[in-house]
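Shown next, in structure tokens, is the structure this report addresses.
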């Protein structure tokens, strides 16, 4: 069974001139469709230029959308009977998942109807489906997932990739990751000449695995033609530091690094709340410092930068955290809208193609 | 030239009954010998049962030791003319480093004079020298560096290994890391049946690299005989969580994970201080919350758990952070003294040998 389309609820044609149409998988995610619809509503309120195709159970979504005034006339609901669960194996889902909301959400990007798809669902399944349906860009062997990681940089974030599309990456893949990350930093963060660092266990050139030494030479060789600054090897501490704008690594290492960082930040948050609850004085202090602490929270809250972007495909997919609430979903949608408005994927494809052509010319 | 010995300054024979003699490389480290001697003094004040052999430049160390009353009569200074720098290649140092303070510090453990050696120097050089001079325990192919990582556990820390002894580890190595980590958790943290987790990019059994799937089976197979609880695969977020007491991984991944975590914690610290400085109200708040914030700092301060322990050698070596100040050095010395008092290395050797014998009996 394939997903059914219902156009009845969309009043002004989404995708009309001046509008950005986003495709949203409304069913995946630990918090359920209520949180996702609430996140869409938050975004719709702030950004009058976006509208949505929501994919999922029509009855549930109709009821939820009706509760949010900002979504009135800006949501098309496309029925999909099934949902990909967090336990489903990617290999299984790509064979049997045609009737799922995730499949339907990707389909909107494949047909060109929507510019970007957003999902909170199972990352492995979303990547597998995206690869099968959208296919890889010419010159890209392994797509990557890129995230923004809070850092001491002037812009407040580093781009890090791959954080989990694939557990392997050879030297050629790492070069592509560098090119794609540079394109993301340039278009998404307005850095004309991003600094690129290659993640390793030491900054000395003789250290690390052999594919890293090879990637080091490749990335250095493309520095001038691709317009970035290669700062060489960087270490785990540089992910949140100010020595690079783009951190390149394989998906195994990157995934463990960001989850370690998030876990550590969350433990510190718990301990900080405990500290403020400890005594009457410290409770009073937390009241006095409330505004400052909220400002801090905004700066380091992972929900504010929620959204891994799949790079290297014919179309952009934003993966939101499975546990994202409305604030988190809304951050992912904001990112999706920015990327759509910048025609990010076309620029990225052009960048990879241009560098590869020059490389082939040179050899 | 080999290190020269000078016994003249040691009044009561260190190593006498009831005393724990620690061997300290007094020259390695970014903060120089003054910080290391100050750290020894802090420890000596708290713990009347320890005494030191300090290795390094005799003239400098004599002058420094003279400034610290708690060290009077409890320090032997052993002259070593050279220092291993942070830039020295391990392969170079093991051939030419006989006259360095690091070599001399390890030598005290090799001869059995001191129970444990402590150094803030170049990790790669320290590991290479320790392997060459102390040699590996029977049954251990790759030694590992274990650290205590702040976590939501009742004991407040997880044991994590390897964090950088070697960039590779096969399934057999990962099993040995589990056994050594269990021994550390049991003897150093009083956990009779530690929970062991194997670090991966997902908790599902089908995920991850092939050596991890193989290690999964091996670690599970030894659960009963070695007296631990195998919780299966864990993710980056579990390093600071409460799902395991021992986190097993290869040295590449482990090194990047702990440095990412430390970097993130340090960025949050900077942002927190900024937040408290922001306004008059928030400055007042930070005064009121001072005691609570200091308590928090003690809990999450990496200096308080300073010290990676080299496991799998005939002798124990504690690697302190290169940038450790007196408080950090003193934490590393406290750990060294605990391990010496517990005859930790003998117990670890017995544990690995016993498990391997059972394994060989079974096959």
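No value in this document is a laboratory result; all are computed from the given coordinates. Please read all numbers here as calculations on a predicted model, not as lab measurements. Cβ placement follows ideal geometry from the backbone for every residue including glycine, while neighbour counts extend to all protein chains displayed.
A few notes on this one:
- Separation of alpha-carbon centers, the range B:112-154 and the range A:99-125, rounded to whole Å: 49 Å
- When the Cα gyration tensor is reduced to axis lengths a ≥ b ≥ c, the ratio a/c is 1.5 or higher for the range A:47-92, and with a/b above b/c it is classed as prolate.
- Counting neighbouring Cβ atoms within 10 Å and putting the fewest first, the residues B:222, B:19, B:49 line up as B:49, B:19, B:222.
- Separation in nanometres of the label points that stand 7 Å from Cα toward Cβ, at residue B:60 and residue B:223: 5.2 nm
- Inter-copy spacing of residue A:279 label points, which lie 7 Å from Cα along Cα→Cβ, given in nm from shortest upward: 2.5
- FRET efficiency, residue B:211 to residue B:287 (Cβ-Cβ, R0 51 Å, nearest 0.05): 0.45
- By the helix-only formula, in which each DSSP H run with n ≥ 4 contributes -39500 (n - 2.57) and the sum is divided by residues, chain B has a 222 nm mean residue ellipticity of -15000 deg cm²/dmol.
- For chain B, built as a Gaussian network whose Cα springs stay under 10 Å, the top-fluctuating residue of B:183, B:330, B:108: B:108
- For residue A:70, label point 7 Å along C-beta direction: distances to other copies, nm: 5.8
- When the Cα atoms of the range A:141-306 are aligned to their principal axes, the ranges along those axes come out at 60, 30, 27 Å in descending order.
- Take residue A:231, push a point 7 Å out from Cα through the beta-carbon direction, and compare it with the same point in every other copy: 3.4 nm, smallest first.
- Gap separating the Cα centres of the range A:202-254 and the range B:40-98, nearest whole Å: 37 Å
- Most fluctuating residue given options B:335, B:287, B:179, as computed from a GNM of chain B linking Cα atoms under 10 Å: B:287
- For the segment A:268-280, counting C-beta atoms of other chains within 10 Å of every residue's C-beta and taking the mean gives 5.
- Within a Gaussian network of chain A (alpha carbon springs, distance under 10 Å), most fluctuating of A:221, A:125, A:115: A:221
- Antiparallel bridges, percent of DSSP beta bridges restricted to the protein assembly as shown (to nearest 5): 30 percent
- The Rg/Rh ratio for chain B is 0.99, where Rg is the radius of gyration of the alpha carbons and Rh is the Kirkwood radius.
- Cα gyration tensor, the range A:66-189 - rounded (a/c under 1.5), prolate or oblate: oblate
- Relative pair counts by distance (%), Cα atoms of the range A:21-63, 10 Å bins: 28, 58, 13
- Dividing the Cα radius of gyration of the protein assembly as shown by 2.2 N^0.38 Å, with N the residue count, gives 1.04.
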